[in-house]
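Here's the structure, in structure tokens; my notes come after.
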Amino acid sequence: MLIKNKFYFKEDFQFIKTKHPFHLVDLSPWPLTSAFGVFMLTTGGVLYLHKFIGGERLFLTGLIVILYTMYTWWRDFLKSSIHLPFKEVYG
């Protein structure tokens, strides 16, 4: 295989399982979780400002979900970037 005027051997691709040069990330539940948290946060904020019962609790629950999602998403990101082998070929 010729990439940028350099020959690569099969051993150079031991961690790559696909035949294309793109890096596709694994599926993550955190975008959906953060969207749910943002929905709760905004709905709770609107309900709280209009003096509805339970608006403050929904707002705080949404804020907790957002903070938890931020923590776990960055934890997973750092774990994958530190502990997993490189998935890309750098020429």
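List of remarks:
- Pairwise inverse Cα distances across region 26-80, averaged and inverted, put the Kirkwood hydrodynamic radius at 11.6 Å.
- Segment HIS50-THR72, length gained on full extension (0.36 nm per residue, minus Cα span): 4.7 nm
No lab work stands behind these numbers, since they all come straight from the coordinates. Every value quoted in this text rests on a predicted model; they were computed, and no experiment measured them.
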